[in-house]
Amino acid sequence: MTISDSSTHAIPRFAHAVDAALDRVSDASALFMRPEEKTDAIVMLARIENRIAALKLRVLASADDACEAGAHRTVTDLVSQVTHEDRARVAAECGLAASLERFTIVALAMAAGVVSVPKARVIVAELTDLDLDPEVPRAIVDRAEQHLVSQAPDSRTFLARLRTSRVVKS
């Protein structure tokens, strides 16, 4: 089931507009772009990819009512059926979507295009571990979230720092 681009809500209208824009460039050759245009396009497309992923996760987190309307038990069931995506991958996405409702700084960084889905998964896993430890105060988890998000854009050192912190914790 699809909704036309005459939807009254901004998110479906946006999705249809992006789909139409992609149609307009689907046969454009990147071969004839100047090197600086290619660099700019790569950076912007990565940022847009992160932002669209964040938007999709926000929609997934609120899609319980769509399950009821379509007689699906879970959002994972609904999404895997209508998109023909692997159920395990969809379940992981839905899990991340739920976690981002708790870790809002990570969600905002994704929405800004600063944090990718793989980095968000790593950050959320670390924060969840901290959050589940009864000896770690809530304020520490909040500070850790701010710190991890601030470090995430530096890909070269981000994962190495996390690995080091796990060794130190052990």
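The values are calculated or read from the model by the stated rules, or taken from the named source; none is laboratory data. Quick caveat: nothing in here was measured; it's all calculated off a predicted structure. Here the Cβ is made from the backbone with ideal geometry for all residues, glycine too, and neighbour counts use every protein chain on show. For the accessible areas, the whole protein counts, side chains as well, though only heavy atoms, and no ligand, DNA or RNA atoms are used. Shrake-Rupley method; radii C 1.70, N 1.55, O 1.52, S 1.80 Å.
One residue is enough: does the range 16-26 have a residue meeting the conditions part of a loop (DSSP other than H, G, I, E, B), over 25 Å from Gly113 (Cα atoms) and open to solvent by 40 Å² or more (accessible area, probe 1.4 Å)? No, every residue in the range 16-26 fails to be part of a loop (DSSP other than H, G, I, E, B), over 25 Å from Gly113 (Cα atoms) and open to solvent by 40 Å² or more (accessible area, probe 1.4 Å). A single member of Glu36, Glu85 is open to solvent by 70 Å² or more (accessible area, probe 1.4 Å) and outside any helix (DSSP H, G or I), and it is Glu85. Taking the conditions (1) open to solvent by 70 Å² or more (accessible area, probe 1.4 Å); (2) touching a Leu at 6+ places or on another chain (Cβ under 8 Å) in turn, Ile42 satisfies each one other than (2).
One residue stands out among those in the range 52-65 that are open to solvent by less than 70 Å² (accessible area, probe 1.4 Å) and without any contact (Cβ under 8 Å) to a residue 40 or more places away in the chain: the one that is farthest from Val124 (Cα to Cα), which is Ala63.
If you go through the range 73-82 and keep only what is open to solvent by 40 Å² or more (accessible area, probe 1.4 Å) and of a type outside the set (S, T, N, Q), you end up with Arg73, Val82.
Here is the figure for the range 46-75: residues that are aliphatic (A, V, I, L, M) and outside any helix (DSSP H, G or I) total 2. The condition of being open to solvent by 20 Å² or more (accessible area, probe 1.4 Å), part of a helix (DSSP H, G or I) and not small (Gly, Ala, Ser) holds for only one of Leu130, Leu96, that being Leu130. In the set Glu68, Glu49, only one residue is open to solvent by 100 Å² or more (accessible area, probe 1.4 Å), farther than 22 Å from Leu108 by Cα and among the acidic types (Asp, Glu); that residue is Glu68. Of all the residues in the range 99-117, those that are farther than 14 Å from Ile52 by Cα, open to solvent by 40 Å² or more (accessible area, probe 1.4 Å) and either touching a residue at least 60 places away in the same chain (Cβ under 8 Å) or not aliphatic (A, V, I, L, M) (or both) number 3.
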